[in-house]
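Trainee: Sending over a structure as structure tokens; questions will come in a sec.
The values are calculated or read from the model by the stated rules, or taken from the named source; none is laboratory data. The structure displayed is predicted, hence computed values, not measured ones. So basically every Cβ, Gly included, is an ideal-geometry build from the backbone, and we count neighbours across all protein chains shown. Each accessible area value is taken on the protein alone, full model and side chains, heavy atoms only, with ligands, DNA and RNA left out. Shrake-Rupley method; radii C 1.70, N 1.55, O 1.52, S 1.80 Å.
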Amino acid sequence: MDIYLGIIFRTTVIYLVIWFLFRMMGKREVGELSVLDLVVSIMIGDIAVLSFEDLEKPFIRQTIPMFVLAILQITLAFASLKSVKLRYFMDGKPLIIINQGKIDEKAMRRQRYNFDDLLTQLREQGIIDINEVQFAILETSGKLSVIKKSDEEGSESQVPFPLIVDGEVQEKNLEKIEKNHVWLLNQLKEHGETNVKEISICGYIDGQFYIDKNETKK
């Protein structure tokens with residue numbers, strides 16, 4: 001009887017611990033989990049299972065690793081908020097798979113992303129003909145974001161990538177729209193912005209700027 005009560009007790013506590021830890025780590029959809037998020041989730045689940053298999057070991061010793069993993073994950077998450085380079089290192093970068101209607105086979109090979117995957121994800125978005133696609137971006141979550149070609153002839157469509165993220169200029173994205181750092185600074189001045197470090201995100205789509213300032217740095 002004591003064994004069953006012990007199992008019930010541990011199950012209840014482990015459930016509450018896991019609920020608490022995942023609340024601390026933040027809300028993200030399963031499909032948006034990074035590789036690190038997924039690894040930590042699996043490890044916490046495995047440790048939880050092991051705590052039921054050996055009732056002789058002190059319960060607190062079996063829950064400590066779960067808290068350590070959660071603290072490590074939270075620490076790295078906060079660090080990645082402050083560093084774009086660390087965020088890209090941990091989660092990777094979005095990758096353009098189709099650019100101006102042209103498939104980038106090299107980018108696909110680097111991500112071990114095959115044509116069956118591409119066609120499947122295009123069909124899921126109601127696209128049968130690749131010629132309909134202006135840009136297709138493989139997000140860090142593995143989701144494919146698709147921008148269709150404009151129905152209006154001669155209309156301009158820019159790469160839907162940010163030019164500034166967390167106060168850092170995204171040089172590669174500037175290259176993709178055939179612009180440079182000097183051009184960006186001049187455009188920012190025209191919009192009344194002189195300090196790149198104060199900008200959380202700056203986007204440039206269809207010739208229009210979108211600027212959001214970081215209020216915490218004022």
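Trainee: Quick check, is residue 4 modelled with pLDDT of 80 or more, in a helix (DSSP H, G or I) and open to solvent by 50 Å² or more (accessible area, probe 1.4 Å)?
Mentor: It is false that residue 4 is modelled with pLDDT of 80 or more, in a helix (DSSP H, G or I) and open to solvent by 50 Å² or more (accessible area, probe 1.4 Å).
Trainee: Next question. May I ask you to verify whether residue 39 is within 30 Å of residue 138 (Cβ to Cβ), modelled with pLDDT under 80, open to solvent by 40 Å² or more (accessible area, probe 1.4 Å) and of a type in the set (Val, Ile, Thr)?
Mentor: Taking the combined requirement at face value, the residue does not satisfy it.
Trainee: I'd like the full set of residues that are on the phi < 0 side of the Ramachandran plot and open to solvent by 80 Å² or more (accessible area, probe 1.4 Å), limited to segment 170-183.
Mentor: 171, 172, 175, 176, 180, 182 - these are the residues of segment 170-183 that are on the phi < 0 side of the Ramachandran plot and open to solvent by 80 Å² or more (accessible area, probe 1.4 Å).
Every residue, every condition in (1) under 18 Å from the mean Cα position of the chain (by Cα); (2) of a type in the set (A, V, I, L, M, F, W, C); (3) buried (at least 16 other Cβ atoms within 10 Å of the Cβ), yes or no:
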position: 85; (1), (2), (3): yes, no, no
position: 89; (1), (2), (3): yes, yes, no
position: 102; (1), (2), (3): no, no, no
position: 118; (1), (2), (3): no, yes, yes
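Trainee: Please work out which residue is farthest from residue 105 (Cα to Cα), limiting yourself to segment 121-147 and to residues that are without any contact (Cβ under 8 Å) to a residue 40 or more places away in the chain and of a type in the set (D, E, K, R).
Mentor: Looking at residues that are without any contact (Cβ under 8 Å) to a residue 40 or more places away in the chain and of a type in the set (D, E, K, R), I get 124.
Trainee: If you take the residues of segment 184-196 that are in a helix (DSSP H, G or I) and surrounded by fewer than 13 Cβ atoms within 10 Å (Cβ to Cβ), which of them is modelled with the lowest pLDDT?
Mentor: 190
Trainee: Consider residue 161 against the criteria (1) crowded, with 16+ Cβ neighbours inside 10 Å; (2) among the aromatic types (Phe, Trp, Tyr); (3) modelled with pLDDT of 80 or more: it satisfies all of them except one. Which criterion is unmet?
Mentor: Answer for residue 161: the failing condition is (3).
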